[in-house]
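S.K.: Okay, handing you the structure first.
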Amino acid sequence: MTTIAPVRSRPMVGWAVHDGIVVARRNLIQSIRVPESLFFSLVQPVIFVLLFAYVFGGAIPIPGDGANPEEAANAYRNYLMPGIFGQTVAFAAAASTVGIAEDMRKGLIDRFRALPMAHGAVLIGRTFADAARQILVLAVLSITGFVIGWRITGGLLNAIYAYLLLLLFAYTVSWVGSTIGLAMPNPETASTAGLAWLFPVTFLSNAFVPISSMPDWLQAFAAFNPVSTLVLATRELFGNPTGIQPDYWPLQHPIPYTVMACALIIAIFATLSVRKFSRTTSK
């Protein structure tokens, strides 16, 4: 009489991570196969850099950084680049919103359900791939910044920390984008919804203008906005001008605040995404 050996089950977390990496690889390969999408995702932030550096830069003073017009313009370019970095990684959420909505419409999720894969692997793979794509975007933006005069003066190690913080934020907002995408009925609606909250969040921050120049009632919102602390943290790490900061705790401790905000946002929106995904796929 033969006995059937029980199948060993993999640890749940390790299983989800492994399957998530497989899905992420699939999403990254899909991006490479659509070079037009990749191209325009690189062009848009470069256009923002050139517009703000050469069109608006001369009209936006940075308090305490040079009275000479040429020095002031150069100071603003160094002030600008971390803001563009912050805006760009924040907009990674829009890609997640549209991407997950398209996967749902095309029936890709139903095909994944037929496979012996971890339940949350689709979401892990989507968010990881969308964050990983930002590596190329940040590289292109950095080269553009160097061309217009941006310089890193805070040291190599601090620069590495700055880029890692930017990628952490990209991964964080990808979970927000995935949650929104799962709640949308189609990719067209998801595209609009994915951008609707990003513009106020990124522009009501210190990405392009100092918080001290805003009305008092708006300074409090901007000070606690994670985009503001992300941008300020990267400015400090890159050794770029920071301007004069209002006396708010997040602005005095931008790095720990940004990390804590990312951890909290991931915890909330990863939970919401998985629950929404479970309800949607069980129908």
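The values are calculated or read from the model by the stated rules, or taken from the named source; none is laboratory data. These figures come from a predicted structure and were not determined experimentally. Glycine also receives a Cβ, built like all others from the backbone with ideal geometry; neighbour counts cover every protein chain displayed.
S.K.: All but one of (1) farther than 24 Å from Ile266 by Cα; (2) under 18 Å from the mean Cα position of the chain (by Cα) hold for Gly194; state the number of the condition that does not hold.
M.R.: (1)
S.K.: Can you tell me which of (1) surrounded by fewer than 16 Cβ atoms within 10 Å (Cβ to Cβ); (2) closer than 25 Å to Ser174 by Cβ; (3) modelled with pLDDT under 95; (4) not basic (Lys, Arg) is the one Leu218 doesn't meet?
M.R.: Result: Leu218 fails condition (2) only.
S.K.: Among the residues of the stretch 162-176, is there at least one that is free of Cβ contacts under 8 Å to residues at least 40 places away in the same chain and farther than 14 Å from Thr127 by Cα?
M.R.: Yes, the stretch 162-176 contains at least one residue that is free of Cβ contacts under 8 Å to residues at least 40 places away in the same chain and farther than 14 Å from Thr127 by Cα.
S.K.: Out of the residues in the stretch 1-39 that are in a loop (DSSP other than H, G, I, E, B) and either within 20 Å of the chain's Cα centre (by Cα) or among the aliphatic types (A, V, I, L, M) (or both), state the one that is modelled with the highest pLDDT.
M.R.: The qualifying residue modelled with the highest pLDDT is Val34.
S.K.: Name, by its number, the condition in (1) at pLDDT 85 or above; (2) in contact with a helix residue (DSSP H, G or I) (Cβ under 6 Å, 6 or more places away or on another chain) that does not hold for Leu51.
M.R.: (2) is the only condition that Leu51 fails.
S.K.: Further question: Residue check: is Leu108 surrounded by fewer than 16 Cβ atoms within 10 Å (Cβ to Cβ), at pLDDT 90 or above and more than 17 Å from Glu236 (Cα to Cα)?
M.R.: The answer is no for Leu108.
S.K.: While we're on this one: Among the residues in the stretch 141-164, are any touching a Phe, Trp or Tyr at 6+ places or on another chain (Cβ under 8 Å), aliphatic (A, V, I, L, M) and not in a helix (DSSP H, G or I)?
M.R.: yes
S.K.: Restricting attention to the stretch 178-207, report how many residues are in contact with a Lys or Arg (Cβ under 9 Å, 6 or more places away or on another chain) and under 15 Å from Ser96 (Cβ atoms).
M.R.: 6
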